[in-house]
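Shown next, in structure tokens, is the structure this report addresses.
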């Protein structure tokens, strides 16, 4: 009786662990889509700050950061803090460094990070019109990445959930 209870407990633990793994992978797909949408929104906010508020770049970054959730709020606030602290690097280098800092804490992939880093190409280095054109170009690239992320989410979200549960069940069968 005790042996059967231990086997059942072990089997339930294995199935729960693999199902949790599958759920984690599925949620990561959804989180990537949400973060890409939030970055898209942040660029529109930044564009509005540059166009209508005519705020200096660090203050525009701070205004955008207040309207976002982590990790993107950290991207904008870190960039603003470094610009205001008198950092000797260019705005582009500061932006790229802030983007690299948030990468481990985000659901972005390497291609997404290239788009995010590319947003900083003309920030602070050129006149307002060039900055807005670069933001527009980044928004176009982001739209393509967002479509791909949505497609990947739709294709793979259920698969990860089922694979987690079915993998655990198969492992239990093999061990029994």
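Of all residues assigned to the range 159-166, none qualifies as being over 15 Å from the mean Cα position of the chain (by Cα) and either at positive phi or surrounded by fewer than 12 Cβ atoms within 10 Å (Cβ to Cβ) (or both). Condition first: outside any helix (DSSP H, G or I), within 26 Å of the chain's Cα centre (by Cα) and at pLDDT 95 or above. Can you find one or more residues in the range 24-45 that meet it? No, the range 24-45 contains no residue that is outside any helix (DSSP H, G or I), within 26 Å of the chain's Cα centre (by Cα) and at pLDDT 95 or above.
Could you please let me know if residue 66 is within 26 Å of residue 137 (Cβ to Cβ), loosely packed, with under 14 Cβ neighbours inside 10 Å and modelled with pLDDT under 95? The answer is no for residue 66.
Residue count for the range 123-134, restricted to those that are within 22 Å of the chain's Cα centre (by Cα) and modelled with pLDDT under 85: 1. Taken over the range 20-34, residues that are in contact with a helix residue (DSSP H, G or I) (Cβ under 7 Å, 6 or more places away or on another chain) and within 19 Å of residue 140 (Cα to Cα) amount to 2. Of the candidates 139, 163, the single residue that is more than 30 Å from residue 4 (Cβ to Cβ) and touching a residue at least 12 places away in the same chain (Cβ under 8 Å) is 139. Among the residues in the range 74-81, are any within 15 Å of the chain's Cα centre (by Cα) and buried (at least 19 other Cβ atoms within 10 Å of the Cβ)? Checked the range 74-81: at least one residue is within 15 Å of the chain's Cα centre (by Cα) and buried (at least 19 other Cβ atoms within 10 Å of the Cβ). Scanning the range 82-133 for residues that are surrounded by fewer than 16 Cβ atoms within 10 Å (Cβ to Cβ) and within 15 Å of residue 32 (Cα to Cα) turns up 104, 105, 109, 110, 111, 114.
Would you check which residues across the range 134-147 are surrounded by fewer than 16 Cβ atoms within 10 Å (Cβ to Cβ) and farther than 12 Å from residue 46 by Cα and list them? Scanning the range 134-147 gives 137, 140, 143, 144, 147.
The values are calculated or read from the model by the stated rules, or taken from the named source; none is laboratory data. Owing to the predicted nature of the structure, the values given are computational and were not obtained by experimental measurement. Backbone-built Cβ (ideal geometry, glycine too); neighbour counts: all protein chains shown.
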